[in-house]
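Input: a single structure, listed below in structure tokens.
The values are calculated or read from the model by the stated rules, or taken from the named source; none is laboratory data. Everything quoted here is computed from the prediction, not taken from an experiment. Cβ placement follows ideal geometry from the backbone for every residue including glycine, while neighbour counts extend to all protein chains displayed. Side chains are part of the model used for accessible areas, which takes the heavy atoms of the whole protein and leaves out ligands, DNA and RNA. Shrake-Rupley method; radii C 1.70, N 1.55, O 1.52, S 1.80 Å.
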Amino acid sequence: MLFASTRSPLIPVTFEDAVFRGLAEDGGLYHPMEEPDLRSLFLGLSETDGFVRIASGMTAALFPENFTPERAEDVCRSAFPFSPRLSELGRGIHLLELFHGPSCAFKDFGASFLATVMESFLKEHDRRAIILTATSGDTGSAVAQAFRNRRNIDVVILYPSGRVSPLQEKQLTTTGGNVTALEVLGSFDDCQRMVKEAFTDRDLMSRLPLTSANSINLGRLIPQSYYYAYAFAQLRRRLNDEFLFCVPSGNYGNLTAGVLAWRWGLPVNGFVAASNRNDVVPEYLTSGLFQPRPSVHTPSNAMDVGNPSNFERLLAIFHEDWTGMRSMIGGESVSDADTFETMRRFYRSHGLFLDPHTAVGVCAAERRFDRELASAVDVVVLATAHPAKFSEIVKEATGAEPPLPPELARVLELPKVSVQVKNSPGALKSFLLDRYST
Ligand SMILES: *Cc1c(COP(=O)(O)O)cnc(C)c1O
């Protein structure tokens, strides 16, 4: 499969180039040029197929130029020592739990696949890379965990000092080894600016093999399609007439990956784009007008995105056809009050903790049920984070504290190790050159 920028759709790029470049030079996002037909693969799946097996099959089918079936299996076995799990909420609502990986959020799937693929390509050419990324707290830990101990790769993660939660800070600063946490005396915007400056510094770029691991990287997007196929395989014998996925969304990478799986032949009837008050996509689906605006703060803050970058990919998939997109994707915008109410209700009635992002998805799925003939529909809600990652908000909603999973309990015990840097032009550059130039 070849890829092209959403803004230069006729210029082909290999998967390897797309992975190491991240963002296309013209500012667009890399996107598949073809739509491979994986229908027979999907229809051959059964509930006994484990996640690694499904992921390997899709990897080999999508990237025959890069991965033989054996190499695809090696890559997926290394990338996915964890698996999604499907659970029932009742009423035809299922939860696809994507938080059983090392950072306890769905971003583990994309980050871990990207790390494994990069490691595999670098080894092949005997090259090395330095991953440089900024985080506001939540997403950096998936990258730190995914790249830890990968050969030929070093990782530098910038985070704003004093502005991430204690648990997030522990997740960022306890990896050690090839992962360095840079504690920037400034804001998240400062961190992002410093990273951007590094990538546009020609002198620095000629001296160090810097690359990014952004969530828009194709190597993170593609593997997110794998768990949609996994959910289908688990449920297919039990499905009712209609089969929907409901995706709590911010930058819309997760939803885009599901829509790609459908384009490749996954038998699904539609998607629900569940947003918090940052609802420019649901608004577009209703009105046909896409109006990006500054984000507002909500309890599901990993979804506080005012100008979702993957919208460009969604437009490319539907050839900018609003009617076509609407026929496949419905939008739901969920208020902060409804998010809290959903968390509270599920805790009271089922003793079940939902993280605020997943709660947005569950609330949106319930609304869909109230509108349609409930008995004939199955909705799979993507559960994007473990409730203990957002225990302050969960406690505010339910009055109780969700138990910590072992992955998070372990990092809380480890000592924080970070390198403080000033928020000044040049501080990052001198750190990088001191540490990595030979
Ligand atoms: C990143 C994130 C989201 C949003 O996913 P997108 O792919 O950006 O739409 C939702 N929930 C959690 C917990 C996240 O970390």
Options R348, R368, R344, R410; residue that is away from the ligand (no atom under 14 Å from the Cβ), of a type outside the set (G, A, S), part of a helix (DSSP H, G or I) and touching an Asp or Glu at 6+ places or on another chain (Cβ under 8 Å) = R368
Selected residue (criterion: farthest from the ligand (Cβ to nearest atom)) from residues of segment 59-78 that are touching a helix residue (DSSP H, G or I) at 6+ places or on another chain (Cβ under 7 Å) and over 17 Å from E16 (Cα atoms) = P69
In segment 247-257, is there at least one residue being open to solvent by less than 10 Å² (accessible area, probe 1.4 Å), more than 9 Å from the ligand (Cβ to nearest atom) and either hydroxyl-bearing (S, T, Y) or closer than 18 Å to E97 by Cα (or both)?
-> no
Given (1) in a helix (DSSP H, G or I); (2) within 16 Å of the ligand (Cβ to nearest atom); (3) open to solvent by 10 Å² or more (accessible area, probe 1.4 Å), index of the condition R236 fails = (2)
Mind checking which residues of segment 67-101 are modelled with pLDDT of 95 or more and in a loop (DSSP other than H, G, I, E, B)?
-> F67, T68, F80, P81, F82, S83, P84, L98, F99, H100, G101
Test: residue in segment 34-44 that is within 20 Å of the chain's Cα centre (by Cα) and outside any loop (DSSP other than H, G, I, E, B) = no
Conditions (1) among the basic types (K, R); (2) assigned to a loop (DSSP other than H, G, I, E, B); (3) within 16 Å of the ligand (Cβ to nearest atom): number failed by R293 | (3)
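Yes or no, residue by residue, for (1) open to solvent by 60 Å² or more (accessible area, probe 1.4 Å); (2) away from the ligand (no atom under 16 Å from the Cβ):
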position	(1), (2)
R313	no, no
I317	no, no
D321	yes, yes
S335	no, yes
Of the criteria (1) in a helix (DSSP H, G or I); (2) surrounded by 15 or more Cβ atoms within 10 Å (Cβ to Cβ), which one P402 fails = (1)
Which is touching a Leu at 6+ places or on another chain (Cβ under 9 Å) and either under 20 Å from H94 (Cβ atoms) or free of Cβ contacts under 8 Å to residues at least 12 places away in the same chain (or both), of T323, T358?
-> T358
Test L158 against the criterion of being under 15 Å from S418 (Cβ atoms), among the aliphatic types (A, V, I, L, M), surrounded by fewer than 21 Cβ atoms within 10 Å (Cβ to Cβ) and touching a residue at least 60 places away in the same chain (Cβ under 8 Å), and give yes or no.
-> no
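What do you reckon, is F188 within 16 Å of the ligand (Cβ to nearest atom), open to solvent by 10 Å² or more (accessible area, probe 1.4 Å) and aromatic (F, W, Y)?
On the way: within 16 Å of the ligand (Cβ to nearest atom): yes; open to solvent by 10 Å² or more (accessible area, probe 1.4 Å): yes; aromatic (F, W, Y): yes.
Taking the combined requirement at face value, the residue satisfies it.
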Would you check if D126 is closer than 23 Å to L208 by Cβ, open to solvent by 30 Å² or more (accessible area, probe 1.4 Å) and of a type in the set (D, E)?
-> yes
Selection status of N178, surrounded by 20 or more Cβ atoms within 10 Å (Cβ to Cβ) and modelled with pLDDT of 95 or more = no
Is segment 176-191 home to any residue that is among the small types (G, A, S), out of contact with any strand residue (DSSP E or B) (no Cβ under 6 Å at 6 or more places or on another chain) and under 23 Å from P102 (Cβ atoms)?
-> yes
Any idea how many residues of segment 372-399 are open to solvent by less than 60 Å² (accessible area, probe 1.4 Å), within 26 Å of T173 (Cβ to Cβ) and not in a loop (DSSP other than H, G, I, E, B)?
-> 8
Among L428, L433, which is in contact with a strand residue (DSSP E or B) (Cβ under 7 Å, 6 or more places away or on another chain), part of a helix (DSSP H, G or I), farther than 27 Å from Y230 by Cβ and open to solvent by less than 50 Å² (accessible area, probe 1.4 Å)?
-> L428
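To keep it simple, each residue is scored yes or no on (1) surrounded by 14 or more Cβ atoms within 10 Å (Cβ to Cβ); (2) more than 30 Å from R367 (Cβ to Cβ).
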position: S5; (1), (2): yes, yes
position: F20; (1), (2): yes, yes
position: L23; (1), (2): yes, yes
position: G27; (1), (2): no, yes
position: R53; (1), (2): yes, yes
position: M58; (1), (2): yes, yes
position: F63; (1), (2): yes, yes
position: E70; (1), (2): no, yes
position: S87; (1), (2): no, no
